[in-house]
1. Modelling each spin label as a point 7 Å along the Cα-to-Cβ direction, I'd like the Cys189/Arg109 distance in nm, to one decimal.
2. Going by Cα centres, region 38-71 and region 163-230 are how many Å apart?
3. Which of the peptides 119-127, 131-139 is most tightly packed, and how do the rest follow, going by the mean number of other Cβ atoms within 10 Å of each residue?
4. Starting from the Cα of Cys30, step 7 Å along the direction of its Cβ; do the same at Arg142; then give the gap between the two resulting points in nm.
5. Hey, what number do you get for the chain at 222 nm if only DSSP H runs of n ≥ 4 count, each worth -39500 (n - 2.57), divided across all residues, to the nearest 500?
6. Mind grabbing the base-10 log of I(q)/I(0) for region 159-227 at q = 0.14, 0.18, 0.21, 0.24 Å⁻¹? Debye formula, identical points on the C-alpha positions, no solvent, two decimal places.
7. Can you list the aspartates and glutamates whose alpha carbon is less than 12 Å from that of Lys199, not counting same-chain residues fewer than 8 positions off?
8. For the chain, what does the relative contact order come out to in percent, with C-alpha contacts under 8 Å and a separation of six or more?
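Read the figures in this text as sums done on the coordinates, not as results from a lab. Here the structure is a predicted model, which is why all the values come from computation and not from measurement. Ideal geometry is used to build each Cβ from the backbone, glycine not excepted, and the neighbour counts take in all protein chains shown.
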Amino acid sequence: MTGDPVADAESLIGYRFRNRELLRAALIHCSFAEERGCGEDYDRLEFLGDSVLELVTREYLLDEFPDDDEGDLTRRKIAIVQKKSLAAQCLRIGLDRLVLVGEGFSWSRASRESIAADVMEAVIGAVYLDGGLEESRKFIVREILDRVSSVEMVDPEPRNRLQEYCQARGMDLPEYVVVNRTGPDHAPCFEVRVSVEGKDMGVGRGATKKSARNEAAAEALENIERTGLK
């Protein structure tokens with residue numbers, strides 16, 4: 001490491017910026033910006049990078065999995081763009097060590113992973129603004145898409161998939177409510193309703209609350225894929 005976060009980041013991501021201030025902004029946490037009065041943090045670049053990542057990922061999956069239907073493609077996409085996946089790639093590259101935070105900021109495992117995911121999207125946005133779609137596509141494919149196996153692209157738990165779907169879009173987490181319980185104690189049947197952004201999206205039934213939640217989440221994902229959050 002050189003001590004210059006921008007130069008070090010360029011080395012880690014394998015891209016040389018024409019406008020190095022874009023990359024610097026992608027490494028600035030809001031706590032640093034507020035404390036130092038240095039202007040823009042990575043929030044706006046993260047917003048842009050999220051959309052670029054979505055586009056490139058959709059293109060990539062259409063090419064890699066020509067036999068998948070829309071539901072399968074959506075599940076693969078969600079697994080790729082979820083926060084924990086992006087955080088893992090950011091931590092692998094080492095960009096998290098270069099993030100500028102305020103002196104009073106308190107790190108935790110959760111905050112490190114959250115910031116790592118945000119920075120990954122911000123860097124994508126910075127590369128897009130500096131070099132265009134083709135350069136950002138190269139970066140995304142090299143550092144994210146080619147490093148995720150087809151098995152990792154599908155989360156078998158519908159409840160997890162629904163949660164990551166919401167997190168990837170900055171939405172509130174799904175809410176599950178047990179609305180009914182029938183049957184004897186030794187063989188109960190639970191009925192669970194799940195809502196997203198205040199809208200009822202699915203109902204599930206099962207011998208355990210977990211299985212009922214998963215069934216409700218699976219129905220919610222199907223409804224979202226078919227009609228969206230209407």
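1. In this crude spin-label approximation the distance works out to 4.0 nm.
2. 26
3. Working: 119-127: 27.8, 131-139: 16.1.
The packing order, highest mean first, is 119-127, 131-139.
4. Going from the Cys30 label point to the Arg142 one covers 3.2 nm.
5. Working: 9 runs with 133 residues, N = 230.
The helix-only estimate for the chain comes to -19000 deg cm²/dmol at 222 nm.
6. Listed by q, the Debye log ratios stand at -0.39, -0.61, -0.77, -0.95.
7. Qualifying aspartates and glutamates at Cα under 12 Å: Asp172, Glu175.
8. Over the chain, the number comes to 19 percent.
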